[in-house]
Amino acid sequence: MYVSDLMTREVFAMASETSIETAARLLSSEGISGAPVISADGKPIGVVTLADLADPDRTRSKQQGSPLFYILQGPELEELGDFSHRGEGRVDEVMSKEVLSIDSSAELKEAGLMLVENSVHRLLVIDEGKLVGILSSLDVLRGVFR
């Protein structure tokens, strides 16, 4: 079994300037615990989680964040967001800059080992430098029970 067999291809992603409030609302409303942070050309630059957003010890500025976020569906990246609302604090202030990634052609066992060894719950799936999906620890567990 391969990463491509189990990865989620419809992925919500944040821009570095996405407001903390927008990120929290999106993750909460979609029932997801984290999302990639990408540059305008779709390259991953970090990951933001609900824990990052809720951590009171993370430094936040008064800098205005944008309501911008993206949805990746297959190869297409679409900008979304209500551009009338801006909030204080930006995702790039609280995100993890460490990006753990795997190729879609990797075996599931390799992905599982990466998750365990790095104590993380998600891997970004990147092919040819572009985000193509996300693989969560739950996805790997589903694969084990297939």
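The values are calculated or read from the model by the stated rules, or taken from the named source; none is laboratory data. A quick note: this is a predicted structure, and the numbers were derived from the prediction, not measured. Positions of Cβ are generated from backbone atoms using ideal geometry, with glycine treated the same way; all protein chains shown enter the neighbour counts. Side chains included, ligands, DNA and RNA excluded: accessible areas come from the protein's heavy atoms. Shrake-Rupley method; radii C 1.70, N 1.55, O 1.52, S 1.80 Å.
Being part of a strand (DSSP E or B) and surrounded by 17 or more Cβ atoms within 10 Å (Cβ to Cβ) is the filter here; which residues of the range 1-40 pass it? Please lay out each step first, then the result.
Just the residues of the range 1-40 that are part of a strand (DSSP E or B), to begin with: 2, 8, 10-15, 18-19, 34-38.
Once the filter is applied, which keeps residues that are part of a strand (DSSP E or B) and surrounded by 17 or more Cβ atoms within 10 Å (Cβ to Cβ), the range 1-40 yields Val11, Phe12, Ala13, Met14, Ala15, Thr18, Ser19, Gly34, Ala35, Pro36, Val37, Ile38.
Looking at the range 70-86, can you tell me whether even one residue there is at positive phi, surrounded by 12 or more Cβ atoms within 10 Å (Cβ to Cβ) and at pLDDT below 85? Looking through the range 70-86, at least one residue is at positive phi, surrounded by 12 or more Cβ atoms within 10 Å (Cβ to Cβ) and at pLDDT below 85. From the set of residues in the range 123-143 that are open to solvent by 40 Å² or more (accessible area, probe 1.4 Å) and touching a helix residue (DSSP H, G or I) at 6+ places or on another chain (Cβ under 8 Å), which is modelled with the highest pLDDT? Across the range 123-143, the extreme among qualifying residues is Ser137.
Ala54 meets each of the listed conditions (1) without any contact (Cβ under 8 Å) to a residue 60 or more places away in the chain; (2) open to solvent by 70 Å² or more (accessible area, probe 1.4 Å); (3) under 20 Å from Thr8 (Cα atoms); (4) not aromatic (Phe, Trp, Tyr) apart from (3). Among the numbered conditions (1) under 15 Å from the mean Cα position of the chain (by Cα); (2) within 14 Å of Leu135 (Cα to Cα), the only one that Ile71 does not meet is (2). Count of the range 4-25 residues, restricted to those that are of a type outside the set (Lys, Arg) and closer than 19 Å to Gly133 by Cβ, is 11. Residue by residue through the range 87-110, note down the ones that are open to solvent by 80 Å² or more (accessible area, probe 1.4 Å), part of a strand (DSSP E or B) and either aromatic (Phe, Trp, Tyr) or at pLDDT 85 or above (or both). Matches in the range 87-110: Glu107 only. Considering only the range 8-50, state which residues are farther than 17 Å from Arg90 by Cα and touching a residue at least 60 places away in the same chain (Cβ under 8 Å). Listed by number, the residues that qualify are Thr8, Arg9, Glu10, Val11, Ser33, Gly42, Lys43.
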